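Read the structure below first, then the notes.
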Amino acid sequence: MQLTQSLSHPALCQLYQVIESPLGPLLVYEWIDGELIGVPRAQRADPASAYQRFRALPVPTLLHALDTIFDLHAKLAALGWIAVDFYDGCLLYDFQRHTLRIMDLDTYHQGPFVNEMGRMFGSSRFMAPEEFQLGAPINTFANWA
């Protein structure tokens, strides 16, 4: 909840509450129209899946969605947030309004830190090498420019 309280951005879904349960935390977000872009591997090739329909959008529409992601992450990085476990399952796309919303950023970390778990949470398709290495420093790309 700290992340959503530290930044107001039109792409962020509002996280209302975190409820601790015996099976792990339950996250309660505002209701958003749209479809989850991330789908199970077995459904990725299905042309009817949100994943394939999103990929088939016109290039300018896709670039606008990417700009939304980059804008949010640049603002988060400026506030010291490090992206952890960001993948297509965090993306909700409204195909009627052509708007992208981003959710489930609860594992983002404030400030640089050290990987204390080895393989970190997330989809390996979206992870940096240091997210697999115990003891590796985890930081942001903000200083690469």
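The values are calculated or read from the model by the stated rules, or taken from the named source; none is laboratory data. Computed from a prediction, not measured in an experiment: that's the story for all the values here. Virtual Cβ from ideal backbone geometry, glycine too; neighbours counted across all protein chains shown.
Structural remarks
- Test: residue in the range 110-123 that is closer than 29 Å to Ala45 by Cα, among the small types (Gly, Ala, Ser) and in a helix (DSSP H, G or I): no
- Of the criteria (1) modelled with pLDDT of 95 or more; (2) not in a helix (DSSP H, G or I), which one Asp33 fails: (1)
- Test for Leu36: is it among the hydrophobic types (A, V, I, L, M, F, W, C) and closer than 22 Å to His109 by Cα: no
- Only listed residue being surrounded by fewer than 18 Cβ atoms within 10 Å (Cβ to Cβ), in contact with a strand residue (DSSP E or B) (Cβ under 8 Å, 6 or more places away or on another chain), at pLDDT below 90 and in a helix (DSSP H, G or I), chosen from Leu3, Leu27: Leu3
- Residues (assigned to a loop (DSSP other than H, G, I, E, B), at pLDDT 95 or above and surrounded by 14 or more Cβ atoms within 10 Å (Cβ to Cβ)) located in the range 38-83: Ser49, Leu57
- Hey, Arg101 part of a strand (DSSP E or B) and either charged (D, E, K, R) or in contact with a Lys or Arg (Cβ under 8 Å, 6 or more places away or on another chain) (or both) or not: yes
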